[in-house]
Amino acid sequence: MFQEELKQPVGRLQGIGPKTSAALSRIGIHSVSDILKYYPRSYENRLDEVDFTAAFKSSGQTIVNTSATVTAHEYFGWGKKQTLKILLNDNKGIPASLICFGRNFLAEKLKEGTSVLVFGTFSVRYNELQSTAFDFEIIPELFDITEKQLSARNISDSFGRILPVYPLTSGLTQKGLRKAVRNAVDQYGKFISTELPENFILSNGLMSKADAVEKIHFPERTEDTAKAELTLKYEELFHFQMAAARRALKRREAGRRSKTGINHPERNLHLKLIDSLPFSLTDGQNQAVDEILEDLDSERPMARLLQGDVGCGKTLVAFISALRCIEKGMQCAFMAPTELLARQHADNADRLLSPLGIRVALLSGSVKKDKRELLLKALTSGEVDLLIGTHALFGDDINFKKLGLAVIDEQQRFGVLQRTALSEKNTAADLLLMTATPIPRTLAMTVFGDMDVTTIKSMPPGRSPVETHLAALGREEKVYQFIKKQLSEGRQAYFVYPLISSSDKMELKDAESMFSSLKDEIFPEHRVELIHSRIDENEKKKIMDEFHTGDVQILVATSVVEVGVDVPNANCMVIEHAERFGLSALHQLRGRVGRGEHQSYAFLVYSPELTEAGTARLKVMKESTDGFLIAEEDLRIRGPGDLAGSAQSGFMPFTIADLNTDFDLLKKARVDVRKLMDTDPGLLQPQNSVLRKLFETCPPFSNMISGE
Ligand code: ADP
Ligand code: MG
């Protein structure tokens with residue numbers, strides 16, 4: 001029932017008129033619960049006394065909180081612009097003055113002899129302690145106050161306590177907002193019920209929710225805020241982990257339904273593939289295959305994240321997994337981030353899997369309508385075993401006969417909702433996410449919190465780390481000479497630019513212009529081709545094919561070649577205006593070379609106007625080839641704020657918790673939720689009303705849940 005009460009419009013609160021309501025709604029406060037969740041930005045401590053002596057002693061500004069007596073009025077300035085100055089003495093007789101710019105009317109209120117409580121910022125000027133920003137309250141004469149009010153706390157709403165300071169917007173004042181929140185707490189606090197299991201409150205040293213809400217707004221002592229904050233943060237993180245736990249549990253259940261289709265006549269396809277390879281799997285690949293096959297063979301649907309640095313051979317692991325799924329008579333969907341990559345995967349699948357009798361199909365945007373219809377029919381009737389494509393794979397009109405496994409390549413941004421949409425195609429389908437950009441630990445515990453993680457740590461043998469060189473703009477001539485030599489030895493090179501065509505706004509080299517000059521002036525004796533997102537898909541395919549075969553020696557590109565492209569004979573990567581690329585993009589780009597037997601080189605050409613972050617990125621690239629370290633550095637350089645913004649907007653619905661600072665608390669919440677999953681999984685069931693309530697109190701989750 002408390003839900004309903006707290007959903008009342010904020011205008012119901014005493015003292016909130018239509019104007020304040022309108023101002024509040026502009027900052028997203030519509031209901032009582034919204035205003036209760038509008039936590040203070042900081043506090044003003046008007047509890048602990050700081051008198052004039054203390055302010056005198058310090059240089060600079062001091063916050064004073066004391067009682068004092070008005071001793072005199074003075075004016076300075078001329079004519080109408082005269083300004084009132086009120087002189088005060090504190091209890092020890094130390095003087096200070098209040099400068100009342102534009103507030104000469106205060107003379108009436110603060111007559112000589114009046115006792116006041118003063119709170120304000122004071123500093124010493126002209127040998128005198130002064131304040132222009134102050135708040136005061138007149139202390140009533142003794143005979144006017146009751147016994148109870150005698151304790152300072154009760155004389156005033158705004159003195160003798162710790163006051164919350166809220167972020168404001170036009171039309172709102174601190175005073176007004178404090179009053180509104182006070183009323184909300186007083187009138188509705190009784191409807192706030194604690195949602196966390198009792199034992200977790202005890203074991204984590206938390207408060208009841210109602211207490212926490214009251215104390216976060218109106219702490220009685222400074223220590224209160226910390227405990228209140230801890231409680232509210234923990235609760236948010238707990239909800240978050242509950243959502244992840246529920247997804248995991250739901251999958252576990254779905255898996256109890258049959259996971260097998262009509263068995264394929266061939267039982268050991270995946271072993272046949274492994275046998276047919278000219279090399280053996282690395283330890284990392286073997287281990288990954290073991291873990292994945294175990295998942296695939298178990299009743300429980302898999303949700304696994306396969307991470308491993310660029311070039312470690314994830315595609316092959318995915319193919320082996322696909323075969324295992326196909327052996328069981330089911331279909332596999334393989335999603336790539338770009339058409340280019342989808343095509344490359346399809347070519348590889350064709351080469352490696354078709355000989356085993358696997359029916360591979362590529363679904364790309366450029367497949368013509370009638371052909372597409374045929375393909376979709378074949379998919380629905382089960383005549384396609386492996387469907388490769390971009391995110392179009394999971395469109396509404398795509399129906400698998402029996403989807404057994406979905407592989408998602410290089411889609412860190414593949415958020416919970418999309419994963420969910422996918423699993424709706426078949427809730428029992430296994431899910432394999434692959435990434436070369438290691439998931440930062442915060443994400444691993446949240447957005448990916450319901451997944452198991454496999455990490456491939458080894459590289460195929462014979463790979464030596466890419467040699468990385470930095471070159472300032474203007475010295476690229478030397479780089480070109482070096483490349484020329486490599487090309488003459490039969491190698492190939494990429495040249496990458498930040499822009500497709502020239503821009504009036506920025507003085508940058510662009511792919512199109514550089515394509516002409518590389519082709520006609522710098523490397524006239526070699527075949528140079530250009531590839532970027534605006535080039536027609538069929539043309540792209542032709543160019544990529546020719547680059548694969550070595551007919552094209554230089555590929556001029558934008559970051560379209562960032563992910564996945566695999567041409568082992570290409571051993572040179574030149575990135576011009578490298579400072580304009582993010583760290584993970586640079587790492588991915590560099591990962592295009594170093595894939596074959598030849599020593600590889602990356603040249604990062606940078607223009608001199610480097611930002612601090614730009615310099616830091618280049619330095620990291622020069623010093624490290626370790627994707628994990630680079631990802632960590634990336635996070636550090638970009639600053640924590642970016643995490644939620646870039647990767648996960650919409651999935652970090654926290655009001656008070658902050659994943660960057662509350663990581664330990666997040667881990668605790670996770671452990672607690674896992675405990676709950678084991679001891680009391682019933683609590684995680686959607687039909688459980690306690691749980692439903694839990695999710696409802698955290699609106700972004702209810703979206704997430706209902707989307708499942
Ligand atoms: P990524 O993990 O970046 O997706 P790929 O799957 O594209 O890496 O593999 C990179 C290259 O390494 C491919 O050319 C692939 O054929 C090759 N490769 C994969 N596994 C091995 C192995 N065990 N031994 C040798 N080469 C391998
Ligand atoms: Mg890959």
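The values are calculated or read from the model by the stated rules, or taken from the named source; none is laboratory data. This is a predicted model, so every value here is computed, not measured. Virtual Cβ from ideal backbone geometry, glycine too; neighbours counted across all protein chains shown. What goes into the accessible areas is simple: the full protein's heavy atoms, side chains included, and nothing from ligands, DNA or RNA. Shrake-Rupley method; radii C 1.70, N 1.55, O 1.52, S 1.80 Å.
Could you figure out which of (1) within 16 Å of ligand 2 (Cβ to nearest atom); (2) open to solvent by less than 30 Å² (accessible area, probe 1.4 Å); (3) modelled with pLDDT of 80 or more isn't true of residue 479? Tallying (1) within 16 Å of ligand 2 (Cβ to nearest atom); (2) open to solvent by less than 30 Å² (accessible area, probe 1.4 Å); (3) modelled with pLDDT of 80 or more, residue 479 fails exactly one: (1).
When we screen 576, 507 for residues that are farther than 23 Å from residue 410 by Cα, out of contact with any His (no Cβ under 7 Å at 6 or more places or on another chain), more than 16 Å from ligand 2 (Cβ to nearest atom) and open to solvent by less than 30 Å² (accessible area, probe 1.4 Å), the only hit is 576. Taking residue 552 as meeting all but one of (1) surrounded by fewer than 20 Cβ atoms within 10 Å (Cβ to Cβ); (2) part of a loop (DSSP other than H, G, I, E, B), write down the number of the exception. Going through (1) surrounded by fewer than 20 Cβ atoms within 10 Å (Cβ to Cβ); (2) part of a loop (DSSP other than H, G, I, E, B) one by one, residue 552 breaks only (1).
For the range 290-302, what are the residues that are buried (at least 21 other Cβ atoms within 10 Å of the Cβ) and either within 16 Å of ligand 1 (Cβ to nearest atom) or small (Gly, Ala, Ser) (or both)? Answer for the range 290-302, where residues must be buried (at least 21 other Cβ atoms within 10 Å of the Cβ) and either within 16 Å of ligand 1 (Cβ to nearest atom) or small (Gly, Ala, Ser) (or both): just 292.
Can you tell me which residue is nearest to ligand 1 (Cβ to nearest atom) among those in the range 453-492 that are among the polar types (S, T, N, Q) and under 36 Å from the mean Cα position of the chain (by Cα)?
Among those residues, the one meeting the criterion is 458.
Looking at (1) in a helix (DSSP H, G or I); (2) within 13 Å of ligand 1 (Cβ to nearest atom); (3) crowded, with 21+ Cβ neighbours inside 10 Å, which one does residue 287 not meet, given that it meets all the others? If we test residue 287 against (1) in a helix (DSSP H, G or I); (2) within 13 Å of ligand 1 (Cβ to nearest atom); (3) crowded, with 21+ Cβ neighbours inside 10 Å, just (3) comes out false. When restricted to residues that are within 25 Å of residue 174 (Cα to Cα) and part of a loop (DSSP other than H, G, I, E, B), the range 190-225 contains 5.
Taking the conditions exactly as written (assigned to a loop (DSSP other than H, G, I, E, B) and more than 16 Å from ligand 1 (Cβ to nearest atom)), does residue 324 satisfy them or not? Answer is no for this residue.
Taking the criterion of being part of a loop (DSSP other than H, G, I, E, B) and open to solvent by less than 50 Å² (accessible area, probe 1.4 Å), the residues of the range 82-102 that qualify are 93, 94.
Hey, does the range 520-538 have a residue that's in contact with a strand residue (DSSP E or B) (Cβ under 8 Å, 6 or more places away or on another chain) and closer than 13 Å to residue 340 by Cβ? Looking through the range 520-538, at least one residue is in contact with a strand residue (DSSP E or B) (Cβ under 8 Å, 6 or more places away or on another chain) and closer than 13 Å to residue 340 by Cβ.
On the basis of being without any contact (Cβ under 8 Å) to a residue 40 or more places away in the chain, surrounded by fewer than 19 Cβ atoms within 10 Å (Cβ to Cβ) and not in a helix (DSSP H, G or I), does residue 383 make the cut? Yes, satisfied. Of the candidates 15, 79, the single residue that is surrounded by fewer than 14 Cβ atoms within 10 Å (Cβ to Cβ), more than 30 Å from residue 235 (Cβ to Cβ) and at pLDDT below 90 is 79. In summary, residue 73 fulfils each of the numbered conditions (1) over 23 Å from residue 166 (Cα atoms); (2) assigned to a helix (DSSP H, G or I) with the single exception of condition (2). Being of a type outside the set (Gly, Ala, Ser), more than 36 Å from the chain's Cα centre (by Cα) and open to solvent by less than 70 Å² (accessible area, probe 1.4 Å) is not true of residue 495. Residues that are crowded, with 19+ Cβ neighbours inside 10 Å and closer than 18 Å to residue 484 by Cα were ranked within the range 558-573; the one that is farthest from ligand 1 (Cβ to nearest atom) is 572. Only residues that are of a type in the set (Lys, Arg) and surrounded by 22 or more Cβ atoms within 10 Å (Cβ to Cβ) were counted across the range 176-190, and they come to 0. Among the residues of the range 327-344 satisfying the criterion of being more than 16 Å from ligand 2 (Cβ to nearest atom) and part of a loop (DSSP other than H, G, I, E, B), which is nearest to residue 538 (Cα to Cα)? Top of the filtered list is 330. Taken over the range 514-547, the criterion of being part of a helix (DSSP H, G or I) and in contact with a helix residue (DSSP H, G or I) (Cβ under 8 Å, 6 or more places away or on another chain) is satisfied by 522, 537, 540, 541, 544. Filtered by the rule that a residue be within 16 Å of ligand 2 (Cβ to nearest atom) and either of a type in the set (Val, Ile, Thr) or crowded, with 21+ Cβ neighbours inside 10 Å (or both), the range 532-549 gives a lone residue, 544. Would you point out the residue of the range 1-55, among those that are of a type in the set (Ser, Thr, Tyr) and more than 20 Å from residue 218 (Cα to Cα), that is nearest to the chain's Cα centre (by Cα)? So, considering only residues that are of a type in the set (Ser, Thr, Tyr) and more than 20 Å from residue 218 (Cα to Cα), the one nearest to the chain's Cα centre (by Cα) is 25.
Of the residues that sit in the range 579-612 and are farther than 27 Å from residue 335 by Cβ and among the charged types (D, E, K, R), which one is surrounded by the most Cβ atoms within 10 Å (Cβ to Cβ)?
Only one residue tops the list, namely 579.
Within the range 299-325, residues that are among the aromatic types (Phe, Trp, Tyr) have Cβ atoms under 9 Å from residues that are away from ligand 1 (no atom under 13 Å from the Cβ) and assigned to a strand (DSSP E or B) in these pairs: 319/386, counting only partners at least 6 apart in sequence or on another chain.
Inspect all residues belonging to the range 366-374 and state whether any of them is open to solvent by 30 Å² or more (accessible area, probe 1.4 Å) and within 16 Å of ligand 1 (Cβ to nearest atom). Checking the range 366-374: not a single residue is open to solvent by 30 Å² or more (accessible area, probe 1.4 Å) and within 16 Å of ligand 1 (Cβ to nearest atom).
Is it the case that residue 463 is among the charged types (D, E, K, R), in contact with a Gly (Cβ under 9 Å, 6 or more places away or on another chain) and at pLDDT below 90? Yes; evaluated as a whole, the condition is true for this residue. The residues in the range 25-42 that are β-branched (Val, Ile, Thr) and not in a helix (DSSP H, G or I) can be counted, and the count is 2.
Within the range 391-410, the residues that satisfy the criterion of being open to solvent by 10 Å² or more (accessible area, probe 1.4 Å), touching a strand residue (DSSP E or B) at 6+ places or on another chain (Cβ under 8 Å) and away from ligand 1 (no atom under 16 Å from the Cβ) are 391, 392, 394, 400, 401, 402.
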